[in-house]
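Before any comments, here is the structure.
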Ligand SMILES: Nc1ncnc2c1ncn2[C@@H]1O[C@H](COP(=O)(O)OP(=O)(O)OP(=O)(O)O)[C@@H](O)[C@H]1O
Ligand SMILES: [Mg+2]
């Protein structure tokens, strides 16, 4: 039989049993749609987290006071009990490291801000002029912190968008004097609104010079030192140099932890990648189930059409012809199912993106290819068995059941 | 020349513990162009014989020569080829494919044989005209009368221009009048040279054939070709 005839014959056979055909197409399309939507969800989560982390800054190396737990028990630490603090001078000394492009010390605390009788609690970040560019923040008005001696904090502040709105309404903010804690500060800049992200919410932040923040909170320690390496390749070098300089300054004790954004990112990336894979695995199982359903449908078809198979044999059809006809039918059912499922899945992902615009719910290409491939593969595989059974039927026996 | 040559044919069915001898020690020779009626009581083995002749079934023992070729030893694919090119079937219950139109049912053997659709169409058109089915080309079997269905079935059986037409009670599901029409069609085919073997319960129909075989208990009880007198 010619290929075109085989396909037409299979199509007519499929469409003449609408219930059976609809069921198996439905099963297959649900399987494929599940793969597309679930992996879109998983991969969307991964991309969301990755983009959030990337927005922290580029090529970041972060210094934390204290030894991380992974270093094991150190008797020296046990005696000194509290690790040595990070100081502004520690931060300044890191500028010596050749792999470091720029850095910003960071001291944080909460305080109260007031202007014109309005009062609210705020998060205060003490840092230096490089903090804003290093964290990829942008200014809506005015300018950032001044370039000055880090140990001499002038009385200025950069405020978040929401603080500006609450304190000043529609009035001008830049140039106004506000009170933060017991200090009077001049507003020099306003940050652009970024919305809620990972890390701190900049909309409700007040940024002041680091020395001023330390004086306000009556401490001389830093919460973090944010270091930007010269390039992505320089990150490990920068980490090493930072570690060495601080070790030297702290009398040979490794009492700080240096983490790189890359490492954190890679961990999350791996974790969420695994999640996506797991989800895809579950979806693949549903696909296999759909394949088995197609097989059952085809087995029923073979039984239902036993008489027809006998007739075809009587009319001179070879085993191959009959096998191909049933295989073509199974292939059609799963192809249509796969395509319908793909469209449904893309529609679902689109709906997800409409509902949650921040969430990039796009199915990854590999998942789409694997989903469609598995659908067609299982459809064909599970189509083979009924097709073989159809050809093994004895023509007389088959005819008698017509 | 003998078209069909059966020698020592046995067909034994195994039903659980019991064995049924549907055909026993059957010898039969049918010449090219003959018109043969097979008669006999129910269960005497008429259909079994016809199925064997049509290569739908294999004998348990014996040899079957079709056109001087031993066909019992052919592979399934070779047998399919013989069925496709040399044999046409007409069944009591028509055996049309319900989802296909009359034209498509007639074209089915050609489609299975891989004949291009252009040639198929012209041959189907001619067949529809020959069998008075021009107005019914696009009707499905359930939209046809019994007589029309059987005419479609005969058109289908002859479309590959076979040497042998096997009809198992072709008028069994038809009234007298339409049955006669169908018989005339088959006889016209026979007149054009096609060998015709008809199984029937109807003595009048059997009498029309030039040669009558009467079966009983799986063997030939009477063959008018060798009848005494
Ligand atoms: N597939 C089968 N399995 C078991 N026994 C069978 C089978 N086919 C036929 N038989 C037996 O073989 C014998 C001959 O059957 P066959 O169908 O050839 O009779 P028949 O002459 O055509 O009868 P009828 O006039 O009723 O159609 C019967 O006894 C029948 O029961
Ligand atoms: Mg019979």
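Coordinate-derived values only; no laboratory data. Quick caveat: nothing in here was measured; it's all calculated off a predicted structure. Glycine gets a Cβ as well: all are built from the backbone with ideal geometry, and neighbour counts include every protein chain shown.
Some values worked out for this structure:
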{"read-out": "Value in Å of the Kirkwood radius, where segment B:1-94 supplies the Cα pairs that are averaged", "value": "14.2 Å"}
{"read-out": "Cα-based convex hull, segment A:284-338, per residue volume (Å³, whole number)", "value": "70 Å³"}
{"read-out": "Using alpha carbons only: equivalent-ellipsoid semi-axes of segment B:99-229, gyration tensor based, whole Å", "value": "30, 17, 12"}
{"read-out": "Normalised per residue, the volume of the convex hull around the Cα set of segment A:149-233 (Å³)", "value": "136 Å³"}
{"read-out": "Among A:102, A:224, A:389: highest mean-square fluctuation, GNM of chain A, C-alpha pairs under 10 Å", "value": "A:389"}
{"read-out": "Pairwise Cα inverse-distance average, inverted: Kirkwood Rh of segment A:241-284 (Å)", "value": "13.1 Å"}
{"read-out": "For segment B:156-229: span of alpha carbons on each principal axis (Å, largest first)", "value": "36, 28, 24"}
{"read-out": "Coordinate range along principal axes, alpha carbons of segment B:78-126, Å, largest first", "value": "26, 26, 18"}
{"read-out": "q = 0.13, 0.14 Å⁻¹: log10 I(q)/I(0) that the Debye formula gives for chain B, counting C-alpha atoms only", "value": "-0.78, -0.90"}
{"read-out": "The protein assembly as shown: antiparallel DSSP beta bridges as a percent of all, rounded to 5", "value": "70 percent"}
{"read-out": "5 Å-binned pair-distance histogram of segment A:176-301 (Cα, whole percent)", "value": "2, 7, 9, 10, 12, 12, 10, 9, 6, 4, 4, 4, 3, 3, 2, 2, 1"}
{"read-out": "P(r) tail fraction, segment A:82-170 - alpha-carbon pairs more than 19 Å apart, %", "value": "50 percent"}
{"read-out": "Intensity falloff of segment A:4-61 expressed as log10 I(q)/I(0), Debye formula with alpha-carbon point scatterers, at q = 0.23, 0.28 Å⁻¹", "value": "-0.90, -1.02"}
{"read-out": "Stokes-Einstein diffusion coefficient of segment B:115-169, Kirkwood radius over Cα pairs, 4 °C, 1.567 mPa s, in µm²/s", "value": "108 µm²/s"}
{"read-out": "Separation of alpha-carbon centers, segment A:277-310 and segment A:118-161, rounded to whole Å", "value": "64 Å"}
{"read-out": "Percent of Cα pairs exceeding the 44 Å cut-off, where the set is the protein assembly as shown", "value": "52 percent"}
{"read-out": "Shielding by other protein chains, A:15-25, mean Cβ within 10 Å", "value": "1"}
{"read-out": "For segment B:79-130 versus segment A:14-69, the gap between their alpha-carbon centres in whole angstrom", "value": "53 Å"}
{"read-out": "Fraction of beta bridges assigned by DSSP in segment A:145-265 that are antiparallel (%, nearest 5)", "value": "60 percent"}
{"read-out": "Segment A:312-402: projected area of the alpha-carbon convex hull, averaged over directions, in nm²", "value": "7.5 nm²"}
{"read-out": "Three principal axis lengths of segment A:261-385 [C-alpha, angstrom, descending]", "value": "73, 29, 18"}
{"read-out": "Highest-MSF residue in chain B out of B:96, B:56, B:166 [GNM, Cα springs under 10 Å]", "value": "B:56"}
{"read-out": "Average silhouette area of segment B:48-121, convex hull of alpha-carbon atoms, in square nanometres", "value": "6.1 nm²"}
{"read-out": "Relative compactness, segment B:1-51, computed as alpha-carbon Rg over 2.2 N^0.38 Å", "value": "1.31"}
{"read-out": "Gap separating the Cα centres of segment B:3-21 and segment B:55-76, nearest whole Å", "value": "13 Å"}
{"read-out": "Cα-based convex hull volume of segment A:126-172 per residue, rounded to whole Å³", "value": "87 Å³"}
